[in-house]
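A.B. asks: Can you keep this structure in mind? I'll have questions shortly.
What follows draws every value from the coordinates through simple rules; no lab data is involved. Source: prediction; values computed, not measured. Cβ: placed from backbone, ideal geometry, glycine included. Neighbour counts: every protein chain shown.
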Amino acid sequence: MSRSLSLLERLGGKTKEDKPQHHASGERQHLPKPEAAKHSSNPHSDYTEKQIQQEREAALEASAFAGRRALTSRTDVMQELKLAVHRRIVDEMTPEEQNVLVRGEEAREQIKNIISVYSNRELAESAYTLSRGERIQLVDDISNELLGLGPLEPLLQNDSITEIMVNGPKQIFIEQKGKLKLSDVHFYDNAHLMNIIERILTPLGRRVDESSPLVDARLADGSRVNIIIPPLSLVGPVVTIRKFSKNALSIHDLVSFGTLSEDMGKFLDCCVKARLNILVSGGTGSGKTTTLNVLSSFIPETDRIVTIEDAAELRLQQTHVVTLESRPANLEGHGAITIRDLVKNALRMRPDRIIVGEVRAGEALDMLQAMNTGHDGSLTTAHANTPRDVLSRLETMVLMAGMELPVRAVRTQVSSAIDLILQQSRIRDGSRKITYITEVQGMEGDTIILQDLFRYVQDYIDEKGKSVGHYESMGLMPNFMDKFQMNGIDLPPSFFQSGRR
């Protein structure tokens, strides 16, 4: 069979042999007709887009559960129609149409025209009727199954959605404008969802099965994907997609979003150009990777940059960039390449700057050693709630490298390697803020001395639940101003005036 047929088989999981038997009279097996169609005098105009929307809203207002049942019932009928169209395509598709299908995304419009023809044939011979809007939706859904990620495709195309959380086939949440919402999208069953998961992983050479039931991956646009399946997940396959902006954000975008102030942005620009080692810390979903991308945009074009990640998410705009990605073990449990292995290898690649997407374990030791051995200006991220907490986490991660080092030696490494900590937080209203810019000044006894340079102060929560606050300078001059002078960067002392916003 051609490649196009295999794509179609994955759409519905059925082939020609599974086609239902016709009645002895030769009539086709009719799909169930919706209730609205039964009471309509004109079967071709019974369901308008406005009526569909009104029915959905009324059902949802009556009861959340009743609304879901009503929507699910109609969606199941639409799914049966999709499978019927699919079977017809498998049976009747010509070689010329198969060649068009093989071309994939570049021939999307032609493929949609082909699907539309088969959909009209199926509708003409069945008792089921659709409005014009539903017909368009039917063709779009089948096209997305063949060329994209099925039901997830409209969510991925919506730029206002920043995260997609699939909790099994029937429940998909989205994050929109910082708030979680339950979408009206769902998969047909677990098999349908697993087909889409395979489509995500196959181009990357990764796998997920009972022996390896969790995996990190990425989409073609760089969006981060985490997948975990049964037996670890008790609700079915769970997919979490962290979307990234199609256009790389700049520091001006972060200022306009309120993530930081204009002075803070100018200061960070100077810090990167002065080759300071910067650690971005924060919780999950606080925007660490986005900030890391923006910081990397300040690196001069003349520098050779090596990026190291579990799943390649950073999108640097410079020309001289080498991207490295870790690799999980194969079926036999061999061949894994860890972040730590890549950090060690990067030191042999003559990098001017090393950017590690996130340090989680023993690679923290190698990263600190790289920062201390001539690779100034390196960047990385770590999970932590405060600048002080991230230092404690770094100590723990260094000890995970398996080397029995005295705590003081570890702290000395940390204090001499890290120059600046950016603490990023996700506020209750869903916005992301850089809450602290903190200098690591060095050791005093057995304690690492920190000094806050800028901070975010929350004034109050308004009637809409939005955080209202301001950024301010702490009025302290950082100790690394000599690095600014060495790199020809002029920042007047008045820039750090107390209370400046």
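A.B. asks: Taking a label point 7 Å from the Cα of Glu198 along the Cα→Cβ vector, which residues of the range 321-339 have an amide N closer than 19 Å to it?
C.D. replies: 331
A.B. asks: Kindly flag which residue pairs out of Lys246/Lys288; Lys177/Lys433; Lys179/Lys246; Lys433/Lys464; Lys246/Lys344; Lys181/Lys433 have an alpha-carbon separation exceeding 26 Å in this structure.
C.D. replies: Violating the 26 Å limit, Cα to Cα: Lys246/Lys344.
A.B. asks: Now for a separate question. Would you mind calculating the relative contact order of the range 194-331 from Cα pairs under 8 angstrom and at least 6 residues apart, reporting the percent as a whole number?
C.D. replies: Relative contact order comes out at 17 percent.
A.B. asks: Once every Cα of the range 251-496 carries one equal point scatterer and solvent is ignored, give the base-10 log of I(q)/I(0) from the Debye formula at q = 0.11, 0.12, 0.14, 0.15 Å⁻¹, two decimals.
C.D. replies: The Cα Debye sum returns log10 ratios of -0.58, -0.69, -0.94, -1.07.
A.B. asks: Oh, and also: Counting pairs of alpha carbon atoms under 8 Å apart in space and at least six apart in sequence, what relative contact order in percent does the range 251-496 give?
C.D. replies: Result for the range 251-496 is 20 percent.
A.B. asks: Next question, about the same structure. Would you mind ranking His252, His186 by Cβ crowding within 10 Å, fewest neighbours first?
C.D. replies: Going from least to most buried by this count: His252, His186.
A.B. asks: Find, among the GluC sites (Glu not before Pro) in the range 85-144, those assigned to loop by DSSP (not H, G, I, E, B) with at most 10 other beta-carbon atoms within 10 angstrom.
C.D. replies: Sparse-neighbourhood loop GluC sites (Glu not before Pro): none present.
A.B. asks: Here is a further query. Below 11 angstrom from the Cβ of Ile174, what's the summed charge of the other residues (Lys, Arg +1; Asp, Glu -1)?
C.D. replies: Here the charged neighbours net out to +1.
A.B. asks: Describe numerically, in nm with one decimal, the distance between label points set 7 Å from Cα along Cα→Cβ at Ser392 and at Asn190.
C.D. replies: 4.1
A.B. asks: Here's something else I'd like to know. For Cα pairs less than 8 Å apart in space and 6+ apart in sequence, what is the mean separation divided by the residue count of the range 148-245, i.e. the relative contact order in percent?
C.D. replies: 28
A.B. asks: Full extension from Ala248 to His320: what is 0.36 nm times the residue separation minus their Cα-Cα distance, to one decimal in nm?
C.D. replies: Fully extending the segment from Ala248 to His320 adds 24.2 nm.
A.B. asks: OK, next. Report the extension gain between Ser160 and Glu301 in nm, rounded to one decimal, defined as 0.36 nm multiplied by the number of residues separating them, less their alpha carbon distance.
C.D. replies: 47.6 nm
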